[in-house]
Amino acid sequence: MAHLDAAHNLAFHLLRERADAQDAVQDAYVRAYRAFAQLQGEDIKPWLLTIVRNVCYRRLQERRRMSNVISLDETLSTRAGAASIEAECTANTPSPEQNAIRASDATVLTQALAALPPAFREVIVLRELEELSYREVADIVGAPIGTVMSRLSRARAELRALMMKLLAQDNNNAM
Amino acid sequence: MQCDRVQELLGAYGDGELSGDERRSMSTHLESCKACGDILADYGRIGRALKRHGRVCAPPVLAARIGAALDQIESELPSAVLQPARRFALAGRVFDMRGFARRAASLAAACFIGALAAWNFVDAAGQSDRMERDVLNAHMRSLLQESPVQVASNDKHNVQPWFAGRTDFAPAVKDLAEDGFPLVGGRLDYVADRRVGVVVYKRGLHMINVFMWPSPSSADSAPRIVTRKGYNLLSWSRSGVSYWAASDLNSEEMRTLSRLL
């Protein structure tokens, strides 16, 4: 329970950097703790994820202010992140054959997801990974349901296109 | 419907978020259009792969770190500034938050005591009645453990017999996977001064604890919902059995489950 995994999951996907994601979650929990008295009969999870999201966006803005170019560090840490997620995922898979297939799919998937803009990434994470309803996603990202629906639609189309591109590259490399 | 429009709506169609009319036009189109059908299948595969590989859970050390940070600000809280009543309410909630944050640090026992203390405050303030508190406590406690069940199985033929001889009343266990409430398992708990069987179902990522015990003297009653601390508690009686369901699931889906049980 705790929603700590959900909070961390969202922060990690938005920031794509482990240490930064952990700092953001801690920051969000401290804010939530101070604001807890204001929570009245709402679901804790969407409320908490809204705070996590706001903290992450502030951090993303700060990063952008610090440098206008895409930093090499970010690209590198994204790769490292992808590799260790893969390691975590394969830790409890049953057979070596399946490992190979799943690991390669997971890598492509993580790369494709990381390549989406944050606004697309967050709706995918909230809907597909946290399994929230469109209403809850709309509340968290502060947009109307219709906007969430079209954003999610474009995010899925783009994710699929990116995965197909990456898989095609893999095949070419293999040959 | 044109393919362009269909492809815009494919995701929402797969998520079951379309209105009846749109859903029907989509189905009609998908019956005859392979291209759109292929994309829908891809979305399904990508969704499943994401669920399997995409979730990046918090490392255990983070819970401990946050617990320490919360302890720190607790000591800094300007208690003189706060109204006594507000302070009271805050104290109860504070314990909850700490319970959440520390779970992964294997301090389940400490959390349990914390939660009990918090609930004692709440009780003293007369904020919730005893039964609601017992059920919610049991629900929260189950979520703090490694597993909310003592017998884990999605087959009712494994779960139902497990209760035999463990309680004086064997709770009904149903297979509701097709209705979107897969069975997680069963356990024993202690609610309202008695040992009760609890059947645990799941909806998406939400756990639902269903408590039931015999109450031959009570008349049938319609489901009544209350929200406590962001959790929904649904209670009803049927054929001499009292039911309580607890979850962070929304009230509409809670009611759906009560109709199925």
> Is there a residue in segment A:74-92 that is polar (S, T, N, Q) and at pLDDT 50 or above?
Replying inline: no
>> Regarding segment B:237-250, can at least one residue be identified that is in contact (Cβ under 8 Å) with a residue 60 or more places away in the chain and part of a loop (DSSP other than H, G, I, E, B)?
In response: no
> Given the structure, is A:Ala11 at pLDDT 95 or above and either buried (at least 18 other Cβ atoms within 10 Å of the Cβ) or assigned by TED's automatic domain parsing to the domain that holds A:Arg135 (or both)?
Replying inline: yes
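The values are calculated or read from the model by the stated rules, or taken from the named source; none is laboratory data. Quantities reported herein were computed from a predicted structural model and do not represent experimental measurements. Positions of Cβ are backbone-derived with ideal geometry, glycine not excepted, and every protein chain shown enters the neighbour counts.
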